[in-house]
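One structure below.
The values are calculated or read from the model by the stated rules, or taken from the named source; none is laboratory data. Since the model is a prediction, treat every value here as computed from it, not as a measurement. Every residue, glycine among them, receives a Cβ derived from its backbone with ideal geometry; neighbour counts consider all protein chains shown.
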Amino acid sequence: MEQRHPDGRTVVVSGGTDGMGRGIALARLGRGDTVVVIGSGEARGAALMADAALLGAARRCRFVQADLSSIAAVERAVEAITREHPVVDALVLCANRLNRTRRESPEGLESTFSLYYLSRYLLGHGLRFQLDSADNPVIVNFAAPGLKVGSVKFDDLQAERRYGILRAQAQCGRANDLLGRNFLQSPSSRARYVLYHPGFTATRGGVAHLRQPARGIITVLGRVAARSVDQAIAPMVELIDRPPADRLTAIDRGRQVDLSLRTFDPDNARRLAEVSRSLVLTHHGPTQLLPEPGEPGGPGSAGGVH
């Protein structure tokens, strides 16, 4: 069981071994927090731990290796976290991966959907009790609120008929908009939910594996529009200390997003939540990651701010 730093928080970061997730993990370690990083790569996890040691924070940093495109791996990661950390002050959701061709998760779901959307749905609900034990908990979801590109294809959610890398990414961006909206309507914890679009950011991930035109578009954006990781994450590093008062906040490159946009449609948010729950139960089985019927955030819950 952890010994909480007297002045620090406990922060969980998915996708925390690279890019913005890594930047937030190191920044919060520098402030005295305990940080649990979930990532799929052992080497990158070891590199993060080495950097934590340079900060004098090795004892406050933990790496949990997990491929979050797998529901079972998400479940194991949550179990590992909850054994050691009864309180989670902030959950930061960054895990994503660009797949040139359609891939399936170990449970048979389309991999981008499983990683970029479903893992975030499961982590937010799966850590609900730990978030509720914090004084002022917050969930920060790095996605793309404010963009209108793409939609959730309920008739082809797993891209079995048509797959494209940008199409898959855009669908998951809109799915995360609906995830935030459903958390507003039917929260499973007291956490404030923040959807954050940092804009195009210069991270270490390469584009050589991508096909044209995606490779060319991303290369050009990287040259003319990319912000540094430190610039991109700065507002969210601060926000962990002072979460917004509203249950749901969406921010697009520093500007607050109008939650009445169609991308936050409440009916579609309920529909996606129901479909997501059904997919988890069908492809994985019963799990404590999901709230029970009648429990806050579960089917039949009253919803609303509490």
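Among the numbered conditions (1) at pLDDT 95 or above; (2) assigned to a loop (DSSP other than H, G, I, E, B), the only one that ARG100 does not meet is (1).
The rows are residues; the columns are (1) surrounded by fewer than 17 Cβ atoms within 10 Å (Cβ to Cβ); (2) not hydrophobic (A, V, I, L, M, F, W, C).
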| residue | (1), (2) |
| --- | --- |
| THR10 | no, yes |
| VAL13 | no, no |
| ASP51 | yes, yes |
| VAL74 | no, no |
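Checked against (1) in contact (Cβ under 8 Å) with a residue 60 or more places away in the chain; (2) closer than 17 Å to PRO137 by Cα; (3) hydrophobic (A, V, I, L, M, F, W, C); (4) touching a Gly at 6+ places or on another chain (Cβ under 8 Å), VAL74 passes all but a single condition, namely (2).
Residues that are hydroxyl-bearing (Ser, Thr, Tyr) and modelled with pLDDT of 95 or more were ranked within the stretch 193-207; the one that is surrounded by the most Cβ atoms within 10 Å (Cβ to Cβ) is TYR196. Residues of the stretch 177-192 that are surrounded by 24 or more Cβ atoms within 10 Å (Cβ to Cβ), part of a helix (DSSP H, G or I) and not aliphatic (A, V, I, L, M): ASP177, GLY180, ARG181, ASN182, PHE183.
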